[in-house]
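Peer 1: Okay, here's the structure, questions in a sec.
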Amino acid sequence: MQAGDRQLIRFGELGRLDAVDQVALHSIGKPSRGSVRDHQPRYVRGSIAASTEREGMGKTLITGGTVVTAADTYKADVLIDGEKVVAIGTDLKAAGAKRIDASRKYLIPGGIDVHTHMELPFGGTRASDDFETGTTAAAFGGTTTIVDFAVQGFGEPLEKARDAWMAKARGKAVVDYGLHMIVRDVSDTVLREMETMVRDGISSFKLFMAYPGVFMVDDGAIFKALVRSAEIGGLICMHAENGGVIDVLVKRALAAKHTQPKWHALTRPPEAEGEATGRALRLAEMAGGVPLYVVHLSAAQALEQVRLFRDRGLPAYAETCPQYLFLSYDSYEEPGFDGAKYVMSPPLRPKWHQDELWKGLQRNDLQVVSTDHCPFCMKEGFKGLPKQKELGKNDFSKIPNGAPGVETRLALLFDGGVAQGRITANRWVELCATTPAKIMGLFPRKGTIAVGSDADIVLWDPKATQTLSAKTHHMRVDYSPYEGRKVKGKATTVLSRGEVIVADGTFLGKKGRGKFLKRGGPLLQT
Ligand code: URP
Ligand code: ZN
Ligand code: ZN
């Protein structure tokens, strides 16, 4: 294979490269001495130089920082040419390059949030962030890639949902984005269309075991989709809550005139999540040991199931979200209607679950932290938005489900994880960027700092503190679930494909600069 061919390879197919080529792609090198021209590292050869000319972008040299990847922590300069990292080493020289001083900062790969819902239609309204406001907020928080969920309309082809979500994102997204597909009816036609989706880079499909009549599919449908995903090299993502039981509990609560937000949590017990998680994993096992990715895992009972299947050697994967690590059922007891801020599914759990989730992250039974970013405003009229959470003022079951988080994930995890000694900085990067990139078919283009990878790089100040607040965040929503929380760590400069899009609190990117990412199949190593 020629070096120039590398860019033609879908990154999800990296497993097919021979060992020498893999080493070349990941090499950490020092440019050779000599002329400026010679500073082009030899192993890069033609491909990256060619792409730089196409993009018309210059070189950027980030000096004096500490590179933190999932594997290593070391002091190094990073040279970017156009959109790619082209060299990592000490005392790099690059005449004419723009320079960024990263002394006393970590250099981490841009965060990858593989679970967002920009403009998700839900319960008669839609999530308040669109691809512009949501990805701008993501950038401020150090996240440079999102994977959002397109939603299939009942009886509609998957292509239609894909096109609709592409239209929402195109011209708006400021960071790169991929798409999953929410499948609502698993017909034979849809099973066929799943292959087209994978071919077009939408390589994962979310199914729901909850929300009967809206999203829920039955076990037979789940089984068929699992078998199909294995055939076509896709991945099933599961919302695992027992929707049938929850429906009965909701009806009983409402019949007893229990209408306050806290009843959302009281009618969605952790056992309903544990049961559905175990059932989903069992279905994946019956489908032939097919990989399954459980989304927004919140409860110890669900984690127990994931651990059980992983201990048996089955390919079970799961993500949790900051809200389940830092917030608890107690928030639903806030006065008046304030508990609605935390109405999301699965709901917040009693505090003791948090320790179990941290153990899950430490022991790798949980591999990813995403956000499930799905904001709805508390009050009608914020930035011209219609009634959202207030739709459920007199009936908790009508409160749109979801909460904001795309901007605060890295800081919360750094503060609660790294600064408080629960995880290492490497594990933080692994959970928030590297493993999401691997599982969602974006690695090594995204998710690490390596020669040949996209120059999505965040300068992270580990000493800075910030106070999370709706007054200062960039998400288009009128509250923060973490209002007033002081956290250590902050993204100070954010680069996306070599371009500085945030510097010292100022947005420098351009609406619509984000590119659609054609994802490969999952790279399942953990
Ligand atoms: O409450 C939530 N999680 N809203 C978004 C939809 C989903 O289930 O992920
Ligand atoms: Zn869900
Ligand atoms: Zn979600």
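The values are calculated or read from the model by the stated rules, or taken from the named source; none is laboratory data. Computed from a predicted structure; not experimentally measured. Don't worry about glycine lacking a Cβ; one is built from the backbone with ideal geometry, like all the others, and counts go over all protein chains shown. Only protein heavy atoms, including side chains, enter the accessible area calculation; ligands, DNA and RNA are left aside. Shrake-Rupley method; radii C 1.70, N 1.55, O 1.52, S 1.80 Å.
Peer 1: Around I182, which amide H atoms from residues at least 5 apart in sequence, or from another chain, sit under 5 Å from its own amide H, with H modelled in the peptide plane?
Peer 2: Amide H neighbours of I182: A150, V151, Q152, K206.
Peer 1: Now for a different question. Over 20 Å, how big is the tail of the calculated P(r) for segment 187-250, in percent of all Cα pairs? The partial results should precede the final answer.
Peer 2: Values: 597 of 2016 pairs.
Tail of the P(r) past 20 Å holds 30 percent of the pairs.
Peer 1: In percent, what relative contact order does the chain have, based on Cα pairs under 8 Å that are 6 or more apart in sequence?
Peer 2: On the way: 1254 pairs, mean separation 107.7, N = 526.
Here the relative contact order equals 20 percent.
Peer 1: How large is Rg/Rh for the chain, to two decimals, with Cα atoms and a Kirkwood Rh? It would help to have the intermediate numbers written out before the result.
Peer 2: Working: Rg = 22.4 Å, Rh = 23.3 Å.
Rounded to two decimals, Rg over Rh is 0.96.
Peer 1: Then there is this: Determine the alpha carbon to alpha carbon distance for each of K251/K387; K93/K168; K172/K387; K98/K463; K160/K510; K341/K486 and list only those over 30 Å.
Peer 2: Violating the 30 Å limit, Cα to Cα: K93/K168.
Peer 1: If you don't mind, there's one more thing I want to ask. Would you kindly derive the ³J(HN,Hα) couplings of segment 214-219 from the backbone phi angles with the Karplus curve 6.51 cos²θ - 1.76 cosθ + 1.60 (θ = phi - 60°), listing them in order in whole Hz, with x for Gly and Pro?
Peer 2: 10, 10, 5, 10, 8, 4
Peer 1: Under a point spin-label approximation (7 Å from Cα along Cα-to-Cβ), what is the V214-W352 distance to one decimal in nm?
Peer 2: It works out to 3.1 nm between the two label points.
Peer 1: How far is it, in nm, from the label point at T465 to the one at E231 when both lie 7 Å from their Cα along the line to the Cβ?
Peer 2: 5.8 nm
Peer 1: In a shell of Cβ-Cβ distance under 14 Å around C321, excluding C321 itself, what net charge do Lys and Arg (+1) and Asp and Glu (-1) give?
Peer 2: Details: positive: R349, R409; negative: D113, E273, E319, D372, E407.
Net charge in that neighbourhood comes out at -3.
Peer 1: Using just the helices of the chain, give the 222 nm mean residue ellipticity in deg cm²/dmol: DSSP H runs with n ≥ 4 each add -39,500 (n - 2.57), and the total is spread over all residues, rounded to 500.
Peer 2: Working: 15 runs with 145 residues, N = 526.
My calculation for the chain gives -8000 deg cm²/dmol from helical runs alone.
Peer 1: Related question: Hey, what D do you get for segment 240-308 in µm²/s if you plug the Kirkwood alpha-carbon radius into Stokes-Einstein at 20 °C and 1.002 mPa s?
Peer 2: Numbers: Rh = 13.0 Å.
Taking Rh from Cα pairs, D becomes 165 µm²/s.
Peer 1: Express the C-alpha Rg of segment 412-517 as a ratio against the empirical globular expectation 2.2 N^0.38 Å, rounded to two decimals. Provide the component values of the computation, followed by the final result.
Peer 2: Working: Rg = 15.0 Å, N = 106, 2.2 N^0.38 = 12.9 Å.
Ratio of Cα Rg to 2.2 N^0.38 Å: 1.16.
Peer 1: In addition: Compute from the Cα atoms of segment 173-327 the Rg and the Dmax, the latter being the longest Cα-Cα distance, and quote both in angstrom.
Peer 2: Values for segment 173-327 (Cα only, Rg and Dmax): 16.4, 50 Å.
Peer 1: Here's a follow-up. I need the shape label for segment 133-252. Rule: rounded when a/c is under 1.5, else prolate if a/b > b/c, else oblate, with a, b, c from the alpha carbon gyration tensor.
Peer 2: Working: a/c = 2.04, a/b = 1.32, b/c = 1.55.
Judged from the Cα gyration tensor, segment 133-252 comes out oblate (a/c at least 1.5, b/c at or above a/b).
Peer 1: Once every Cα of segment 302-454 carries one equal point scatterer and solvent is ignored, give the base-10 log of I(q)/I(0) from the Debye formula at q = 0.15 Å⁻¹, two decimals.
Peer 2: With no solvent term, the Cα-only Debye profile gives -0.89.
Peer 1: In whole Å, what three semi-axes, largest first, describe the equivalent ellipsoid of segment 337-397 built from its Cα gyration tensor (square root of 5 times each eigenvalue)?
Peer 2: On the way: eigenvalues 192, 40, 12 Å².
After diagonalising the Cα gyration tensor, the semi-axes are 31, 14, 8 Å.
Peer 1: Quick check: residue separation of D72 and K160 times 0.36 nm, minus the Cα distance between them. What number comes out in nm? Let's see the in-between values first.
Peer 2: Working: separation 88, 0.36 × 88 = 31.68 nm, distance 4.28 nm.
Roughly 27.4 nm would be gained on extension.
Peer 1: While we're looking at this one, here's another question. How long are the semi-axes of the ellipsoid equivalent to segment 156-213, from square roots of 5 times the Cα gyration tensor eigenvalues, in whole Å, largest first?
Peer 2: In descending order, the three semi-axes are 21, 14, 10 Å.
Peer 1: With labels modelled as points extended 7 Å from the Cα through the Cβ direction, what inter-label distance (nm, one decimal) is found for D200 paired with K398?
Peer 2: It is 3.6 nm.
Peer 1: Sticking with this one: Residues with amide H under 5 Å of D129's amide H, sequence separation 5 or more or different chain, H placed in the peptide plane at 1.01 Å from N; which?
Peer 2: It is E119, by chain and number.
Peer 1: Given R₀ = 25 Å, FRET efficiency for F507-R99 by Cβ-Cβ distance, to 0.05?
Peer 2: Working: r = 21 Å, r/R0 = 0.85.
Approximately 0.70, to the nearest 0.05.
Peer 1: Near D355, within a Cβ-to-Cβ distance under 14 Å, what is the net charge of the other residues, with Lys and Arg +1 and Asp and Glu -1?
Peer 2: +2
Peer 1: Net charge near E407: determine it from the other residues with C-beta under 12 Å of the C-beta of E407, scoring Lys and Arg +1 and Asp and Glu -1.
Peer 2: Values: positive: R409, R476, K490; negative: D113, D129.
Every neighbour counted, the sum reads +1.
Peer 1: Using a Cα-Cα cut-off of under 13 Å, which aspartates and glutamates could be cross-linked to K383, ignoring same-chain neighbours fewer than 8 residues away?
Peer 2: Reachable aspartates and glutamates: D129, D130, D478.
Peer 1: Output the pairs from K351/K389; K471/K518; K379/K438; K105/K206 with a Cα-Cα distance over 29 Å in this structure; if there are none, say none. Show your work: numbers first, answer last.
Peer 2: Values: K351/K389 24 Å; K471/K518 36 Å; K379/K438 39 Å; K105/K206 37 Å.
In this structure, K471/K518; K379/K438; K105/K206 exceed 29 Å between Cα atoms.
Peer 1: Now for a separate question. Which peptide among 145-154, 493-502 comes first, and what is the full order, when sorted by highest mean count of other Cβ atoms within 10 Å?
Peer 2: Values: 145-154: 21.9, 493-502: 23.6.
Highest mean packing first, the order is 493-502, 145-154.
Peer 1: With every protein chain present, what is the per residue accessible area of the chain (1.4 Å probe, Å²)?
Peer 2: Details: 19540 Å² over 526 residues.
For the chain, the per-residue accessible area is 37 Å².
Peer 1: Heavy atoms only, probe 1.4 Å: what % of the accessible area of the chain goes to carbon and sulfur, would you let me know?
Peer 2: On the way: 9870 of 19540 Å².
Carbon plus sulfur share of accessible area: 51 percent.
Peer 1: What is segment 243-377's relative contact order, in percent, from Cα pairs under 8 angstrom and six or more apart in sequence?
Peer 2: Details: 193 pairs, mean separation 35.8, N = 135.
Once divided by the residue count of segment 243-377, the mean separation gives 26 percent.
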